[in-house]
Amino acid sequence: GLPYGVYYTEMREKAEILELYKKLGETPLECLHRFKGEHPEYKETKMTYLGRLDPMAEGLLLVLAGNTRDKEKYLELDKTYEFEVLWGFESDTYDVLGKVSEAKFPTKLETRMGGVLKKISTKKIQEYPAYSSRTVSGKSLFMWAREERIEEIDIPTRRTKIFSSEHVHTRYITCREILNEVERRVRLVGGDFRQEKILALWRNALIARPNEMFLVSKFVADVSSGTYIRGLAHEMGKILKTSALAWSIKRTRVGEFKI
């Protein structure tokens, strides 16, 4: 006896927003599987995550459970990240889960953090990292990169915005500490991410000078959806005419949702 509209509303599966914490080393899909394993009541529930987080990033992962038809309206939410930049190194992924190039110690960086933030905040266009899931001609960029064919295509860009940014502090870290932490983090990642090749290159770059010191700077930034923080770290190095990569990334806010 219910009107059709009411009946349909009652029978349709409800939507629920879950605020999960994606651990370091996990993919978003692995985070969903872990959650379902820990919460059997969600075992048969349809779920989709609202924005990716790379394996070397951790923090807030929003998940839409049940009725996932409204996914698109959550994908453009602004985000807040805490992240660290390791100066003097760069990799093909712009973070520690990449093939590192030779280290070079940058000088007099401590006094230039305000300037680099000012310059980075004016950039409106960001190039997608070569190791990302964005597709070109039906193939993900990371596949073009793995096949060493990235030079054959034009890497796409997107408009981004940094609403605010802050330099929190800068500290020193030894090569021994860098290597120990890289090995710990890379070992957390499952699947084929070239782990053994990556670790071999890091060892080659660091093992001969265990006590040499490098700088790590911590920042907090509010950014538009789709901003690659590891891409920002790479761009900051270019601005300061040195090498840089994302040492750590933590997402603390998505829209009105916070850790």
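Out of 194, 251, 209, 184, which single residue is farther than 24 Å from residue 128 by Cα and in contact with a helix residue (DSSP H, G or I) (Cβ under 9 Å, 6 or more places away or on another chain)? Walk me through it before giving the result.
Numbers: 194 fails: farther than 24 Å from residue 128 by Cα; 251 fails: farther than 24 Å from residue 128 by Cα; 184 fails: in contact with a helix residue (DSSP H, G or I) (Cβ under 9 Å, 6 or more places away or on another chain).
After applying the criteria, what remains is 209.
In the range 160-168, the count of residues that are under 24 Å from residue 86 (Cβ atoms), modelled with pLDDT of 95 or more and open to solvent by 80 Å² or more (accessible area, probe 1.4 Å) is one or more.
Results for (1) closer than 17 Å to residue 110 by Cα; (2) free of Cβ contacts under 8 Å to residues at least 24 places away in the same chain; (3) part of a strand (DSSP E or B), shown as yes or no for each residue.
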| residue | (1), (2), (3) |
| --- | --- |
| 165 | yes, no, yes |
| 201 | no, no, no |
| 215 | yes, no, yes |
| 222 | no, no, yes |
| 232 | no, no, no |
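For the range 141-159, the tally of residues that are in contact with a helix residue (DSSP H, G or I) (Cβ under 9 Å, 6 or more places away or on another chain), touching a residue at least 24 places away in the same chain (Cβ under 8 Å) and surrounded by 13 or more Cβ atoms within 10 Å (Cβ to Cβ) stands at 1.
Would you confirm whether any residue within the range 135-148 is more than 22 Å from residue 106 (Cα to Cα), at pLDDT 95 or above and not hydrophobic (A, V, I, L, M, F, W, C)? Checking the range 135-148: not a single residue is more than 22 Å from residue 106 (Cα to Cα), at pLDDT 95 or above and not hydrophobic (A, V, I, L, M, F, W, C).
Take residue 179 and decide whether it is open to solvent by less than 30 Å² (accessible area, probe 1.4 Å) and under 17 Å from residue 88 (Cβ atoms). It is true that residue 179 is open to solvent by less than 30 Å² (accessible area, probe 1.4 Å) and under 17 Å from residue 88 (Cβ atoms). Residue 138 meets the conditions (1) over 22 Å from residue 56 (Cβ atoms); (2) touching a residue at least 24 places away in the same chain (Cβ under 8 Å) in every case but one. The failed one is (2).
Within the range 110-140, the residues that satisfy the criterion of being part of a strand (DSSP E or B) and open to solvent by 40 Å² or more (accessible area, probe 1.4 Å) are 125, 127, 135, 139.
Is it the case that residue 86 is buried (at least 20 other Cβ atoms within 10 Å of the Cβ) and farther than 19 Å from residue 172 by Cα?
On the way: buried (at least 20 other Cβ atoms within 10 Å of the Cβ): yes; farther than 19 Å from residue 172 by Cα: no.
Answer is no for this residue.
Among the numbered conditions (1) closer than 23 Å to residue 26 by Cα; (2) under 21 Å from the mean Cα position of the chain (by Cα), the only one that residue 164 does not meet is (1).
Rundown of residues vs (1) open to solvent by 80 Å² or more (accessible area, probe 1.4 Å); (2) within 18 Å of residue 229 (Cα to Cα); (3) modelled with pLDDT under 95, yes/no style:
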site	(1), (2), (3)
6	no, no, yes
10	yes, no, yes
16	no, no, yes
22	no, yes, no
36	no, no, no
49	no, no, yes
52	yes, yes, yes
58	no, yes, no
76	yes, yes, yes
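The values are calculated or read from the model by the stated rules, or taken from the named source; none is laboratory data. Quick caveat, the model's predicted, so the values are computed rather than measured. Methodologically, a virtual Cβ is constructed for each residue, glycine included, from the backbone with ideal geometry; neighbour enumeration extends over all protein chains shown. Surface areas here come from the heavy atoms of the whole protein model, side chains and all, with no ligands, DNA or RNA. Shrake-Rupley method; radii C 1.70, N 1.55, O 1.52, S 1.80 Å.
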